[in-house]
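**Q** Here it is, the structure in full.
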Amino acid sequence: MDQWLQILGALMVLAAFVAAQLRVLQPQSYAYLLPNLVGSAILAGLALADHQWGFLLLEGVWALVSLGSLVARAFSTRTGTRPATQA
């Protein structure tokens, strides 16, 4: 079962990344941020269970950054401000 979860988590992160690189999705969009959050959280949880500390660090930070971006996006939508874009 862990293997299927790893594949699912990895596919979620990779699909969002590829879509952003092909300019199908914007990196600030919910459609990009949500799969990144869910996929990296799945992978971080599995890394924690298996005591894979380097992988946990990578995926944990990825999940936290995605969560922070989602919160910022949701907050900016409610207040009418736009999130900062990267050059």
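**Q** For the pair residue 5/residue 26, report the inter-label distance in nm, with labels modelled 7 Å from Cα in the Cβ direction.
**A** 3.4 nm
**Q** Filter the trypsin sites (Lys or Arg not before Pro) in the chain to those in DSSP coil with at most 15 other Cβ atoms within 10 Å of their Cβ, and list the result.
**A** 23
**Q** At q = 0.24 Å⁻¹, what is the log10 ratio I(q)/I(0) for the chain, with the Debye formula run over Cα points and no solvent?
**A** Log10 I(q)/I(0), no solvent term: -1.12.
Throughout, read-outs are computed from the coordinates displayed, never taken from laboratory work. Here the structure is a predicted model, which is why all the values come from computation and not from measurement. When we count neighbours, we look across all protein chains shown, and the Cβ atoms used for this are built from the backbone with ideal geometry, even at glycine.
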